[in-house]
Amino acid sequence: MDYLKAVADKKKELTNLHERMDDDRDLVNLDKYVLKDINAQKIPNAVSITLNDPAVFAANVEASLSNSSEQVAVESSNRKIDTVEIEEFVRMSFATAENRLRRSGRFPLNPFLDQQMCRRGRGVLRILFRIEDGELVADITPWDSRYAYYAVGADGLLWAAYETERAKDLIEAEYPDAKVSKKAGTILDVWGTDVNEVYLDGAKIFDQENPYDEVPICIQLVSLGSMLADKDNLKYEGESIFFLIRDLQPELNRLVSIIQTVNVKTIDDALQYASRQGAAATPPNKDDVSAPDAITPVDIGGGFMPLPYGELKRSAYLLHQMIESRVQQGSLSKFELGAFTQPMSAVALIEIGQGRDQVFLPRLGARGLLKQQAAEQIISQVLSLGVSTVKLGTKGHQREFSVKKLEGEYSIDYKYFIKSPTLDLSRFSMAAAAGDLIPESAKRREILQREDPEKDERMLRWEEAERLSPVIKMHRGLITLR
C-alpha cells in the first residue's frame with residue numbers, strides 16, 4: 001500500500017477539521033485580535049483588545065479534569081477470574097508507561113489526554129508493549145490528534161500514521177541509518193495491519209513487520225458535536241470545549257475594542273480650530289492648547305472644538321451583555337469559576353455543579369473509553385509475548401504478574417469522580433434533609449455520589465462491630481501492634 005498517498009489524501013479530506021482545530025488553538029493561545037472594518041482591513045488608530053476568557057476557560061476545565069479521581073473496574077461473570085489482580089495489572093501498566101514518558105522528557109499521560117479532549121475533541125494513543133533484553137517495555141505514547149491520520153475498516157483500523165517535526169539529533173538517535181541533511185525533518189510513522197514504516201521528508205528510512213495482531217493505535221472521539229451523515233460532517237465531529245463560543249469570542253473582542261477605542265479618543269481627541277483664516281490657518285500646537293494650565297487666545301466666534309465622533313449607543317451595551325451571557329452559557333460561569341462570593345443554598349450549589357459536569361463529563365468519558373481500549377490492547381499484547389510472568393512498576397516498587405491470570409473473558413471500565421469541597425458539603429446537607437425517606441445506601445450512591453458506596457457500607461459495619469463488641473476492638477488493636 002502507498003501510505004504516503006493515503007496520508008496525503010487523508011489530509012485533504014480533513015482540511016475543514018484541521019481549520020477548526022487551528023481556530024481553537026488560536027483562541028486558547030490568545031492570538032492577538034486586530035480590529036478590522038467590514039472589508040477585513042485593519043482600522044488605523046484603533047485599540048485592539050484580546051480578552052483572556054478562552055485561556056481561563058481551558059485552564060480551569062483541564063485542571064479540574066486532571067484533579068479528578070480515576071478508578072479502573074474489571075468485571076466478569078466467571079468467579080475464577082481474579083478481577084482485583086487484573087485491575088492492579090492495568091494500573092501498574094499505565095504507571096510504568098507514565099514513568100517512561102517522564103524519563104524521556106514527555107508530558108504526563110492524563111494531562112496530555114485531557115488537553116487533547118478539550119482542545120482537539122479526540123485522543124490517540126500508540127501501544128507498544130514488548131520484550132527487550134529479557135524485560136518488559138511498557139510503551140504508551142500519546143499522539144497529538146491534529147497530526148494523526150487513520151483509516152477504519154469493518155474490523156477496526158486499517159492503518160494509522162503520525163506526522164511530526166523533529167530535530168536532527170533526535171532523528172539520528174532513534175534511526176541511526178537515517179541521513180539527515182537539515183537541522184530538522186518531518187517524520188511520518190505509519191502502522192498498518194502487517195507493517196510499520198517510517199519516512200523522513202517522504203523517503204523511507206525504516207520498516208519492520210507489525211508484531212501485533214492489529215494496528216497498535218487507540219483512537220477515541222468526544223461524544224459531542226454532530227453524529228450525522230452529512231457530506232461535510234467531519235468538521236463537526238468530536239467537538240472541543242470551544243464549540244459553543246467559537247464565533248462569539250471574536251465578536252466580544254471586537255466590541256470591547258470598539259469601546260476602548262472610543263474611550264481613548266475621548267481622552268486624547270482630535271480638535272477643530274475655527275478662525276478667520278479658515279482652512280488656511282495655522283493651528284497652535286495641540287499639547288500647548290490642551291495643557292491643564294494653558295490660556296490660548298482665539299478669534300471671536302472661533303476657537304477649538306472636539307471633532308464629532310458620535311457616541312456608543314445603549315444598543316452597544318445591550319449587545320455586550322447578550323454576548324457575555326451567551327459566552328458564559330457556553331463555557332463556565334463566574335459561579336463555576338469561583339468568582340461569586342454570595343452565600344448560596346445547597347440546592348443552588350448542586351444545580352451549578354450539574355451544569356459544570358456537563359462540560360467535564362464528556363471529556364472524562366472519552367478519556368475513559370480511550371484508556372479502556374489501551375488496557376485491552378496492553379493485555380492482548382502481553383498475552384502474545386509468550387512469557388509466563390512480567391514485571392511492572394517503578395524502581396523500588398516493582399511487582400511480578402502471572403500472565404496466565406490475564407486470560408479469560410471480562411470487561412474493563414473506567415469511572416471518574418470530580419470532587420469539590422463546596423459541592424460535597426451541599427450534598428451532605430441534602431442527604432441529612434432526606435432523613436429516613438430513602439435508604440442510606442441510596443443517599444451514598446445518588447446524593448453523596450460516593451466513589452465506592454459498597455466499600456463505605458463495609459467500613460461502617462467494620463466500625464460498628466468495634467462499638468458493639470469491646471473484644472473485637474481489643475483483638476484488632478493487638479493485630480495492629482504486631
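The values are calculated or read from the model by the stated rules, or taken from the named source; none is laboratory data. These numbers were taken from a predicted model, which means no experiment stands behind them. As a convention, Cβ positions derive from the backbone with ideal geometry for all residues, glycine included, and neighbour counts pool all protein chains shown. Keep in mind that these areas ignore ligands, DNA and RNA; they rest on the heavy atoms of the full protein, side chains included. Shrake-Rupley method; radii C 1.70, N 1.55, O 1.52, S 1.80 Å.
For the stretch 1-105, the carbon plus sulfur part of the accessible surface works out to 47%, probe radius 1.4 Å. In this Cβ point-charge picture (+1 for Lys and Arg, -1 for Asp and Glu), the stretch 379-482 has a dipole of about 520 debye about its Cα centre.
Legend: residues TYR150, TYR414, sorted from most to least accessible area (1.4 Å probe; ligands, DNA and RNA excluded), read TYR150, TYR414.
Take the Cα radius of gyration of the stretch 40-92 and divide it by 2.2 N^0.38 Å, N being the number of residues; the result is 2.47. Dipole orientation for the stretch 174-221: of the candidates LEU200, LEU221, GLY185, GLY185 has the Cα lying most toward the positive pole (charges on Cβ; Lys, Arg +1; Asp, Glu -1). Surface exposure of the stretch 183-242, expressed per residue as accessible area with a 1.4 Å probe, stands at 50 Å². Dipole magnitude for the stretch 1-124: computed about the Cα centre from +1 point charges on Lys and Arg Cβ and -1 point charges on Asp and Glu Cβ, it is near 420 debye.
With N the number of residues in the stretch 74-194, Rg(Cα) / (2.2 N^0.38 Å) evaluates to 1.28. Reported to the nearest whole Å, the Cα centre-to-centre distance from the stretch 377-406 to the stretch 434-464 is 36.
Across the stretch 360-482, the volume of the C-alpha convex hull divided among the residues equals 226 Å³ per residue. Mean sequence separation of contacting Cα pairs (under 8 Å, at least six apart), scaled by the length of the stretch 17-71, corresponds to a relative contact order of 31 percent.
The accessible-area ordering, largest first, of the residues VAL137, VAL34 stands as VAL34, VAL137, per a 1.4 angstrom probe.
Can you give the charge dipole size of the stretch 364-422 about its Cα centre, rounded to the nearest 20 debye, using +1 on the beta carbon of Lys and Arg and -1 on the beta carbon of Asp and Glu? In total the dipole reaches around 340 debye. Taking every protein chain into account, the accessible area of the stretch 96-144 amounts to 42 square angstrom per residue (probe 1.4 Å). Of the three principal axes defined by the Cα atoms of the stretch 1-100, the extents in descending order read 75, 43, 29 Å. Legend: residues ASP413, ASP230, ASP114, sorted from most to least accessible area (1.4 Å probe; ligands, DNA and RNA excluded), read ASP230, ASP413, ASP114.
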